[in-house]
1. Let me make sure I get this right: for the chain, a, b and c are the square roots of the gyration tensor eigenvalues over alpha carbons, sorted descending. Under 1.5 in a/c it's rounded, otherwise prolate if a/b > b/c, else oblate. Which is it?
2. Calculated FRET efficiency, residue 19 and residue 188, Cβ-Cβ r, R0 56 Å, to nearest 0.05?
3. Just want the ordering: 123, 95, from fewest to most Cβ atoms lying within 10 Å of their own Cβ.
4. Angle, helix 129-150 long axis vs. longest principal axis of the chain, Cα atoms, 0 to 90°, nearest 10?
5. Between residue 45 and residue 224, what FRET efficiency follows from the Cβ-Cβ distance if R0 is 35 Å, with the result rounded to 0.05?
6. Would you calculate a helix-derived [θ] at 222 nm for the chain, using -39,500 (n - 2.57) for each DSSP H run of n ≥ 4 and dividing by the full residue count, to the nearest 500?
7. Stretch residue 145-residue 180 to full length: gain in nm at 0.36 nm per residue minus the Cα-Cα span?
8. Helix 66-99 versus the longest principal axis of the chain: what angle, 0 to 90°, nearest 10, using Cα atoms?
């Protein structure tokens, strides 16, 4: 058994623990700042005085001014955006650890495809927002259950190298089938519903509402992943030594898969298929902070939420009063950032 593998279970040096808390504190402050910034920016800008005055009115329960009304509208959207970005980033870290593939993201196994089929079908036949959300979440969960049944052997941890090829191939095939159904529904959709369907597919926070369920799912998954962070370190970097170190590989892989699937389902049902957040944020955090999941998991969660809040602020203000789908902004930012990361890794 290698010394490096054993080090994953060693206690953190006090200096390293202080560095981790310092980094997370800075990221938390940046997250709060991004939400306040999102609340102040829009077609009608709010000054710092107006913003804090509106916060005071919100605390007192009164909304007598325009600033307080705008704060209520923008704060709900900003918090929904933060939860969505945090879920996608955390799911991305989990998927990369589960599949031991740096190109894995929350959408690689087709869970988002199931959500898209459910959401677009409800848009085609119904119009209520809550039905769309329920259908998207139900479609994502249905695909996740299908993958769990079909690839149960891979999730038991019997594959030593941890690549889970059958799980990955099954997910790709299921995603292709969902893509065909999405194309079929887009081709027969009436013109008055087509724009909303396309916006949902690109990723859009304009209709997002503050809900507590995504925050509960995010909190539960984050607690689970942090408690399993040391085991994830070994399973991700030294899969052949994981079982000998006492790690229940099968239980860990199932937990990662279920958590990542639920996070993806919650994020996609809230805001559609927003790309690149679950891919570039884990890579950027791993590049800047290292591969230790004890720090990487909470850091990626905070950075993912902050990134999506800022991207959504840009999407709704760059051509105000018209709003762009936030998925366009994340793609325009994500493509060059990911190419730069690949170029830097290649030079090393």
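No lab work stands behind these numbers, since they all come straight from the coordinates. Just so you know, these numbers come straight off a predicted model, no measurement behind them. All Cβ positions, glycine included, derive from the backbone under ideal geometry; neighbour counts span all protein chains shown.
1. Values: a/c = 2.02, a/b = 1.26, b/c = 1.60.
Verdict is oblate for the chain.
2. On the way: r = 56 Å, r/R0 = 1.00.
The formula returns an efficiency of 0.50 here.
3. Values: 123 20, 95 28.
Listing 123, 95 from fewest to most nearby Cβ atoms yields 123, 95.
4. 10
5. 0.30
6. Values: 16 runs with 268 residues, N = 348.
Dividing the helical sum by the residues of the chain leaves -26000 deg cm²/dmol.
7. Values: separation 35, 0.36 × 35 = 12.60 nm, distance 1.98 nm.
In short, 10.6 nm is gained.
8. Once rounded, the angle reads 20 degrees.
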